[in-house]
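Read the structure below first, then the notes.
The values are calculated or read from the model by the stated rules, or taken from the named source; none is laboratory data. Note that this is a predicted model, so its numbers are computed, not measured. Cβ sites come from the backbone with ideal geometry, for glycine too, and all protein chains shown count toward neighbours.
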Amino acid sequence: MSVSCWLRPLALTALLVVSALAAGHAQEAPSLAARMGAAAFHRAGLDQLSPQQLKVLEGWLAAHDGELARQRPLAAEGSATVAAERASRRAAPATASKPKLGRVAIRSTVAGAFRGWQPGAVLVLANGQRWRVADDSMLDTGKALDSPAVTIQPGLVGGWLLKVDGYNTAARVQPAN
């Protein structure tokens, strides 16, 4: 019997063991669909992603797990709660109290002159909200802008993104009120 005859079954056995270990390792981390539940996964539209796109998203979430856990998540509110809150805001006069944040885009302007932002900067909006830059992004407008319009949109994973009209840069922000 030649050496190659007995090495092939050994190599095949080793390959099967490595494959089984890899499969077992892949099963350790539950999929995003399993963690969210089928209904929430479908409502978020994630079931429409290709397997490759879903793999990239799950990889990103796994790589940023610690960072996401350290952030204080905003409470997810049901549509009935949001509708009631909007109705009460329309009925009540505006006050300087701390605004409650639903998961809808916010349009406002920066209060006063604006030259940009840097990490940790707090931006004050005309609606009274204060937002802290929570990432390493920077924007330098070069000249002072007078109350530029801004949009703050909910991010994919629970954060917020601030964008100044006319600029192609966004900052991850968090409420600073």
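Each row is one residue, and each column tells you yes or no for (1) out of contact with any helix residue (DSSP H, G or I) (no Cβ under 8 Å at 6 or more places or on another chain); (2) buried (at least 17 other Cβ atoms within 10 Å of the Cβ).
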site: Val104; (1), (2): no, no
site: Arg115; (1), (2): yes, no
site: Leu123; (1), (2): yes, yes
site: Gly128; (1), (2): yes, no
site: Met138; (1), (2): yes, no
site: Ala144; (1), (2): yes, no
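Could you tell me which residue of the range 107-127 is farthest from Pro175 (Cα to Cα), considering only residues that are touching a residue at least 40 places away in the same chain (Cβ under 8 Å) and not aliphatic (A, V, I, L, M)? It would help to see each step written out before you state the result.
Of the residues in the range 107-127, the ones touching a residue at least 40 places away in the same chain (Cβ under 8 Å) are 107-110, 114, 117, 122-123.
So of that shortlist, the ones also not aliphatic (A, V, I, L, M) come out as 107-109, 114, 117.
Numbers: Arg107: 15, Ser108: 14, Thr109: 16, Phe114: 18, Trp117: 15 Å.
Restricting to residues being touching a residue at least 40 places away in the same chain (Cβ under 8 Å) and not aliphatic (A, V, I, L, M), the top hit is Phe114.
Going residue by residue through the range 149-165, is there one that turns out to be in a strand (DSSP E or B) and of a type in the set (Ser, Thr, Tyr)?
Yes; the residues of the range 149-165 include at least one that is in a strand (DSSP E or B) and of a type in the set (Ser, Thr, Tyr).
So Asp146 clears everything in (1) touching a residue at least 24 places away in the same chain (Cβ under 8 Å); (2) farther than 17 Å from Thr109 by Cβ except one condition, right? Which one?
In the conditions (1) touching a residue at least 24 places away in the same chain (Cβ under 8 Å); (2) farther than 17 Å from Thr109 by Cβ, Asp146 misses (2) alone.
Hey, any hits in the range 26-40 for a residue that's surrounded by 13 or more Cβ atoms within 10 Å (Cβ to Cβ), modelled with pLDDT of 80 or more and on the phi < 0 side of the Ramachandran plot?
Checking the range 26-40: not a single residue is surrounded by 13 or more Cβ atoms within 10 Å (Cβ to Cβ), modelled with pLDDT of 80 or more and on the phi < 0 side of the Ramachandran plot.
Anything in the range 163-176 that is touching a strand residue (DSSP E or B) at 6+ places or on another chain (Cβ under 9 Å) and free of Cβ contacts under 8 Å to residues at least 40 places away in the same chain? List them, or say none.
Lys163, Asp165, Gly166, Tyr167, Thr169, Ala170, Arg172 - these are the residues of the range 163-176 that are touching a strand residue (DSSP E or B) at 6+ places or on another chain (Cβ under 9 Å) and free of Cβ contacts under 8 Å to residues at least 40 places away in the same chain.
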